[in-house]
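Every number in this text was worked out from the coordinates using simple rules, so none of it is lab data. This one's a predicted model, so the numbers in the text were calculated from it and none came from an experiment. Here the Cβ is made from the backbone with ideal geometry for all residues, glycine too, and neighbour counts use every protein chain on show.
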Amino acid sequence: MVSPREGSVQDKATILSSNSHTPAIGPGRRRLSTLVGVAIGLAVLGLLIWVTHPVRIWDALQEVRLRYLAAAILLNIPVLWLRAERAQLMLRRLGWRVGMGRQLLIQLVGQSSSTLTPAGSGDAIRAFFWRRDHEVPLGSGITVVLMDRLYSFVLLAAAGLAFSAPFLWSEPIAGVATVAGVLLGVAFPWALAHVPETMQRDLLSALARIPLVGQFARRLEEPLNELRYLAASPTLMAWFAGLTLATFLVSALQVWLLLAGVGTAVAFWASIGSYSLSQFGGILSTLPFGLGPGDVLLAALLARAGVALTAGISATVLFRAASTLPFALGAIAAYLVLQRRRAWIRSPDPQPVEVD
């Protein structure tokens with residue numbers, strides 16, 4: 001197995017030299033870039049509001065106690081931090097450094113982009129920002145995004161099985177499902193780390209023969225090697241699983257708070273199971289936002305756990321709004337900050353004027 005190349009660090013003189021050859025970005029172009037970014041952001045925000053059913057949200061807001069809604073919205077902050085810290089750990093393992101402040105901005109943009117695309121594929125925009133602003137190779141960035149999506153997807157299924165089993169099935173099936181969920185979460189990184197290299201070569205050879213796709217097959221070799229390299233670290237995978245499960249717990253707490261806000265009580269472990277399985281179904285959806293399967297599953301699972309259907313629907317609509325709209329607003333601001341910072345980096349340093 002090929003271990004990833006450690007990132008090289010340029011010295012200050014090299015950075016200044018490279019900047020001095022970069023053409024300056026005039027104030028007119030910067031203003032145009034800002035206006036275009038704002039326009040795109042507002043258009044996306046309008047789409048978000050439209051698809052999240054504003055009439056239903058308004059109706060649900062009439063029922064919820066606002067302090068519970070406010071608490072649920074504030075919990076988006078630890079969700080964002082936990083996901084950014086997870087990416088930090090993987091990038092450091094591959095030999096790259098990104099400041100936490102920048103990582104939070106990139107995570108915010110990537111997280112919101114993932115809600116706009118089927119299966120969260122828009123999250124790959126993070127690899128673009130890591131490469132553009134921090135010289136992280138695109139292959140390494142794709143590796144981090146792939147591990148993020150793959151293992152999180154598996155852990156959603158594992159947590160969903162383990163925590164939903166008690167109210168979905170009777171014994172002994174519930175016990176078997178719980179054990180299966182735990183084993184699935186533990187076994188996945190081990191299985192990924194021990195994928196035979198011959199299987200990887202066969203996969204890449206098969207992809208290379210597919211029209212259009214084949215030209216990208218060779219570029220996947222390094223990301224696949226790095227994926228196995230990440231999975232081979234038990235410490236990293238333990239931290240990854242812990243941070244991911246903590247994210248699920250915080251998100252499930254949002255659901256639990258919104259149910260309490262509409263006057264309904266449910267066991268916290270039931271909200272964990274309902275959230276996890278509904279997100280698993282949403283990722284499988286071919287629709288942006290996981291609309292349809294994810295929302296229907298959450299309401300149905302809450303009903304199976306004993307929540308009245310009307311209360312479950314209200315909590316589902318509120319959860320969609322509380323976990324999507326604030327991130328969209330934050331992503332617009334984060335994108336503008338990233339673009340302005342990029343423009344500042346590309347501007348040349350003032351040159352000294354020689355005086356005779």
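Miscellaneous remarks
- Cβ crowding within 10 Å averaged over residues, with 167-179, 90-102 ranked highest first: 90-102, 167-179
- Calculated FRET value between Q62 and A308, using beta carbons and R₀ = 22 Å, to 0.05: 0.85
- Förster radius 25 Å - calculated FRET efficiency between L150 and T235, Cβ distance, rounded to 0.05: 0.85
- Segment 85-113 residues near the modelled V195 label - backbone nitrogen below 14 Å, point 7 Å along Cα→Cβ: none
- One chain, two ends: L336 and I77. Fully extended at 0.36 nm per residue, the span grows by 91.3 nm beyond their Cα-Cα distance.
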